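The values are calculated or read from the model by the stated rules, or taken from the named source; none is laboratory data. These figures come from a predicted structure and were not determined experimentally. Here the Cβ is made from the backbone with ideal geometry for all residues, glycine too, and neighbour counts use every protein chain on show. Surface areas here come from the heavy atoms of the whole protein model, side chains and all, with no ligands, DNA or RNA. Shrake-Rupley method; radii C 1.70, N 1.55, O 1.52, S 1.80 Å.
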Amino acid sequence: MLVRMLKLQMLNAIAPAYFYTATAVTFVLHFFLFIPTIFQTPGLTLSPIVVLHAAIFMFLMTNALGNYSMTIWFPAESANEKVIPVCSPDCPDRVDAHYLLNGRHFCKLCKKVILKRDHHCFFTGNCIGNRNMRYFIMFSIYTSCTCLYSLVLGVAYLTVEYSISFENPLTFLTLLPLSTGYFFLGMICGLQFFLVLMLYVWLGVGLVSAGFCCQQVLLVARGQTWCQLHKGQLVESRGTWRSNLSDVFGSRWVVGLFLPVQTVETIPGNWYSYHEHKHD
């Protein structure tokens, strides 16, 4: 168990650095390679199509980074509990957290009591719960859109710059193994091989983020969390799906769809007790 905890703590420190690095690389590739090459304009003239693609990319990335930051700035920890509870060696819950009472969990990685804990997110380095679930969902949506948008432009760049045709669906499936072999044989440059790797990174992160988003929206609509799902409590939903979504996204949810701003008033103290009383 100790070795596993050390691995989780290492992942907890590495993952945010990986996210920021991948974000910076994506930004540089878009504005210094993709857009100037795909939408070539004479001189320093900015065509409407260039401005449009730059605006779309900046909108997606700003929302992804903004909601990522909001997920960290609004942790789901309990403000009323500062004492770290003692976990017995035969704790039946998962190694990274264990259940306390009234919808509270103690996260062994954060070393804090978390209100309505859903899961520990290694990309953000903290737990997802009552205060930051809305930001995590929007972060997943915009990260998925940014990655898939980057994937499309990356494919277009390889087509224009290196004359790679993607008309055959098998081209993308065989692109990575063939590029790896060509790179070590010295047949393609390092930049082309790196771009191929980034295509697969964007595809993987985009699909994983989209899957997380769909899963979380379904759980939120049922008034459930991932921790409750593991305990077999999926059938015991609380409230209507409208009220459950409203609790997470707030009354100004439309604004939150387009801007990374706070749209939910957080009730201090015990979240679970407040909402149990609200639904009674």
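Just the residues that are assigned to a loop (DSSP other than H, G, I, E, B), modelled with pLDDT of 70 or more, among the β-branched types (Val, Ile, Thr) and open to solvent by 60 Å² or more (accessible area, probe 1.4 Å), please, taken from segment 233-280. Break it down into steps so the answer makes sense when it comes.
We begin by selecting, within segment 233-280, every residue assigned to a loop (DSSP other than H, G, I, E, B); these are 233-240, 250-252, 259-270, 280.
Narrowing further to those that are modelled with pLDDT of 70 or more: 239-240, 250-252, 259-262.
Then drop every residue that is not among the β-branched types (Val, Ile, Thr), which leaves 240, 261.
Correct list: Thr240 only.
Mind checking whether some residue in segment 137-146 is over 16 Å from Ser69 (Cα atoms), at pLDDT 85 or above and of a type in the set (A, V, I, L, M)?
no
Pick from segment 118-151 the residues that are in a loop (DSSP other than H, G, I, E, B), open to solvent by 10 Å² or more (accessible area, probe 1.4 Å) and in contact with a strand residue (DSSP E or B) (Cβ under 8 Å, 6 or more places away or on another chain): which of them is farthest from Val220 (Cα to Cα)?
By that ranking, first place goes to Arg131.
Go through Leu207, Leu229, Leu219, Leu191 for me and flag whichever is in contact (Cβ under 8 Å) with a residue 60 or more places away in the chain and surrounded by fewer than 16 Cβ atoms within 10 Å (Cβ to Cβ). Spell out the reasoning first.
On the way: Leu229 fails: in contact (Cβ under 8 Å) with a residue 60 or more places away in the chain; Leu219 fails: surrounded by fewer than 16 Cβ atoms within 10 Å (Cβ to Cβ); Leu191 fails: in contact (Cβ under 8 Å) with a residue 60 or more places away in the chain.
The unique qualifying residue is Leu207.
Under 7 Å between Cβ atoms, which residue pairs at least 6 apart in sequence (or on different chains) link something in segment 241-257 that is in contact (Cβ under 8 Å) with a residue 24 or more places away in the chain with a partner that is open to solvent by 60 Å² or more (accessible area, probe 1.4 Å)?
Qualifying pairs under 7 Å: Asn244/Arg222.
Is at least one residue of segment 79-88 open to solvent by less than 30 Å² (accessible area, probe 1.4 Å) and modelled with pLDDT under 80? Spell out the reasoning first.
Taking segment 79-88 and keeping what is open to solvent by less than 30 Å² (accessible area, probe 1.4 Å), we get none.
No, that holds for no residue.
With respect to Leu176, determine if the residue is part of a helix (DSSP H, G or I) and over 15 Å from the mean Cα position of the chain (by Cα). Break it down into steps so the answer makes sense when it comes.
Values: part of a helix (DSSP H, G or I): yes; over 15 Å from the mean Cα position of the chain (by Cα): yes.
Taking the combined requirement at face value, the residue satisfies it.
Out of everything in segment 17-68 that is open to solvent by 70 Å² or more (accessible area, probe 1.4 Å), polar (S, T, N, Q) and assigned to a loop (DSSP other than H, G, I, E, B), what residue ends up being modelled with the highest pLDDT?
Only one residue tops the list, namely Gln40.
Out of the residues in segment 152-171 meeting the condition of being of a type in the set (Gly, Ala, Ser) and part of a helix (DSSP H, G or I), tell me which one is farthest from Gly223 (Cα to Cα). Spell out how you get there, then give the answer.
Filtering segment 152-171 for residues of a type in the set (Gly, Ala, Ser) gives 154, 156, 163, 165.
Add one more test, that the residue is part of a helix (DSSP H, G or I), and what stays is 154, 156.
Values: Gly154: 39, Ala156: 42 Å.
Looking at residues that are of a type in the set (Gly, Ala, Ser) and part of a helix (DSSP H, G or I), I get Ala156.
Output the number of the condition that Ile72 fails; it satisfies all remaining conditions of (1) more than 15 Å from the chain's Cα centre (by Cα); (2) at pLDDT below 90.
Against the list (1) more than 15 Å from the chain's Cα centre (by Cα); (2) at pLDDT below 90, Ile72 comes up short only on (1).
Against the condition surrounded by fewer than 22 Cβ atoms within 10 Å (Cβ to Cβ) and in contact with a helix residue (DSSP H, G or I) (Cβ under 8 Å, 6 or more places away or on another chain), how does Ile164 come out, does it pass? If you could, list the steps in order and put the result at the bottom.
Numbers: surrounded by fewer than 22 Cβ atoms within 10 Å (Cβ to Cβ): yes; in contact with a helix residue (DSSP H, G or I) (Cβ under 8 Å, 6 or more places away or on another chain): yes.
Answer is yes for this residue.
Does segment 194-202 contain at least one residue that is without any contact (Cβ under 8 Å) to a residue 12 or more places away in the chain and part of a helix (DSSP H, G or I)? Before the answer, list the steps.
In the first step, residues of segment 194-202 are kept if they are without any contact (Cβ under 8 Å) to a residue 12 or more places away in the chain; the result is 194.
With the extra rule that they be part of a helix (DSSP H, G or I), the set shrinks to 194.
Within segment 194-202 (the criterion being without any contact (Cβ under 8 Å) to a residue 12 or more places away in the chain and part of a helix (DSSP H, G or I)), the answer is yes, since at least one residue qualifies.
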